[in-house]
1. Against the longest principal axis of the chain, how steep is helix 270-283, in degrees 0 to 90 to the nearest 10, with axes from Cα atoms?
2. Could you tell me what fraction of 2.2 N^0.38 Å the Cα radius of gyration of the stretch 13-122 comes to, as a two-decimal ratio?
3. Using Cα pairs closer than 8 Å and at least 6 residues apart in sequence, work out the relative contact order for the chain, in percent.
4. What's the Cα-based Rg to Rh of the chain, Rh via Kirkwood?
5. Run the numbers on the stretch 77-203 and let me know its relative contact order in percent, using alpha-carbon pairs under 8 Å that are six or more apart.
6. Ranked highest first by the average count of other Cβ atoms within 10 Å around their residues, in what order do 114-124, 53-63 fall?
7. Cβ under 10 Å from I119's Cβ, I119 left aside: what net charge do those residues give with Lys, Arg +1 and Asp, Glu -1?
8. Shape call for the stretch 125-226 from the C-alpha gyration tensor, a ≥ b ≥ c root eigenvalues: rounded (a/c under 1.5), prolate (a/b greater than b/c) or oblate?
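Bear in mind that the values in this text are calculations on the coordinates, not laboratory data. Predicted, not measured: the structure shown is a model, and the values here were computed from it. Neighbour counts are summed over all protein chains in view; Cβ atoms, including those assigned to glycine, are modelled from backbone coordinates with ideal geometry.
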Amino acid sequence: MTLKEDKNKIKSGLYIVSTPIGNLKDITLRAIDVLKKSNVILCEDTRVSKKLLNQYEIHTNLISNHKFNEKKNLKKIINIINEGNIVSLISDAGTPSISDPGRLLVSRCVEENISIIPIPGPSAITASISISNFSDQFYFHGFLSNKVNSIRKEFTMFKNLKCSIVFFISAQKLNKQFDLLKEFFLTREILICREITKIHESFYRGKVSDIDSFQFNPKGEVTVIISEKKNCEVIEVLNESDKKRIKKLILNKSIKDIVGIITEEKNISKSKIYNYCLQIKNEK
């Protein structure tokens, strides 16, 4: 007699389980099932995770695993998995190892040839992109740096990307970077998603040039999406100082050279700068 395979049984290994980013109802049935069947759940903050687990009557043993102790925990966790156990990794919100602890453990499991199984679910990245009306080709950066000089370097890299740009930052810190956003992305559009799926969820949508007019609540975590590069009129980005500079450059440089210089600094099309230069020459 052949025994039937238990379809409800899951194999041992490491399960990367996505959890809600705010609203506790945003969890999959599969995620609940895996968490209930796990021998151990690794979590960032046991106090935060217990709110979710208690909601769904999940009583699995918890091990605190955050950025300050994940390296120290590696050997113990690998041993637990190698003993044939089911170990789930969760973060305080969203998908572990993406701007959250987990990469070290995943890397070690890859080295040890241990099964790693993703349990997909909520994501602030895809949730924000889905409502942005921007290009679905995007670059995700994770958390923006804390220091202004570092942010300037990151924005310098971002400005040359033709796709949408997504990053995380606290609302309070974002409030201090409006000038930098305008300096690098003046001609683009922006969507700021604050406290996604939570009680105080809010969205701010418009042009980067108008960002000062946003009635922006400087509290909570935000996901920022900057639109892909779009052609725009020169008059929208050239101030009087820029125009005077172009007029001086025309005296001893070719239009081609001027186009190269200006487009390196401004997010506008070459044809618009070229036509503007022709206009100045025709006025003489």
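1. 10
2. Details: Rg = 12.6 Å, N = 110, 2.2 N^0.38 = 13.1 Å.
Cα Rg divided by the expected 2.2 N^0.38 Å: 0.96.
3. Numbers: 444 pairs, mean separation 46.7, N = 284.
Answer for the chain is 16 percent.
4. Details: Rg = 24.9 Å, Rh = 22.1 Å.
On the Cα set of the chain, Rg over Rh gives 1.13.
5. Numbers: 84 pairs, mean separation 21.8, N = 127.
Rounded, it is 17 percent for the stretch 77-203.
6. On the way: 114-124: 16.6, 53-63: 13.9.
Going by the mean number of other Cβ atoms within 10 Å, highest first, we get 114-124, 53-63.
7. Values: positive: R30; negative: D33.
Charge balance in the 10 Å sphere: 0.
8. Working: a/c = 1.38, a/b = 1.16, b/c = 1.19.
Taking the square roots of the gyration eigenvalues as a ≥ b ≥ c, the stretch 125-226 is rounded.
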